[in-house]
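The structure appears below as structure tokens.
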Amino acid sequence: MAALEIIGPQLWLGTAAFGEGGDGPAEGIVVQVWHKRQKLQSITVKSRLSGGVIRMLRDDPLSKTVWAATERGVNQIDRRFRVMWGGYWYEEFEPSSRKSISATSFQKRSNQYVSVFRMTMTADQ
């Protein structure tokens with residue numbers, strides 16, 4: 001378990017599989033009734049979650065939703081366990097500042113040269 005959030009009678013568990021080579025496959029979010037340990041729902045990549053490794057879960061009492069940060073993005077989930085919104089972390093090169101910038105996008109890809117550029121700039125300093 002990598003993250004947890006108690007919302008009323010529900011326990012939201014974020015899964016992760018950490019290993020020597022980095023993150024392994026994980027199951028996403030498991031929601032259960034906390035005092036009965038009864039599984040209510042699984043929220044996975046097949047449910048439109050941006051990734052399976054859950055880094056953070058937070059209840060948003062104003063919007064009555066749950067925010068989940070994964071290894072690939074951020075998601076907003078309603079109380080009926082539906083992914084309402086999902087964005088992917090995106091990295092791009094900013095030519096004027098010569099730095100990489102990060103944002104969220106509805107697409108799953110980043111500029112493939114940004115990480116190489118960032119590594120060479122760090123090595124030069």
With (1) in a strand (DSSP E or B); (2) modelled with pLDDT under 95 as the list, and Gly52 as the residue in question, which single condition is left unmet? (1)
Quick check: anything in region 115-122 open to solvent by less than 60 Å² (accessible area, probe 1.4 Å), at pLDDT below 85 and assigned to a loop (DSSP other than H, G, I, E, B)? no
What number of residues in region 39-66 are within 21 Å of Pro25 (Cα to Cα) and not hydrophobic (A, V, I, L, M, F, W, C)? 11
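Okay, residues lined up against (1) surrounded by 15 or more Cβ atoms within 10 Å (Cβ to Cβ); (2) modelled with pLDDT of 95 or more; (3) out of contact with any strand residue (DSSP E or B) (no Cβ under 8 Å at 6 or more places or on another chain):
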residue: Ala2; (1), (2), (3): yes, no, no
residue: Arg58; (1), (2), (3): no, yes, no
residue: Ala69; (1), (2), (3): yes, no, no
residue: Phe81; (1), (2), (3): yes, yes, no
residue: Gly86; (1), (2), (3): yes, no, no
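The values are calculated or read from the model by the stated rules, or taken from the named source; none is laboratory data. This is a predicted model, so every value here is computed, not measured. Using ideal geometry, Cβ is built from the backbone for each residue, glycine included, and neighbour counts are taken over all protein chains shown. Note: areas computed on protein heavy atoms with side chains; ligands, DNA, RNA excluded. Shrake-Rupley method; radii C 1.70, N 1.55, O 1.52, S 1.80 Å.
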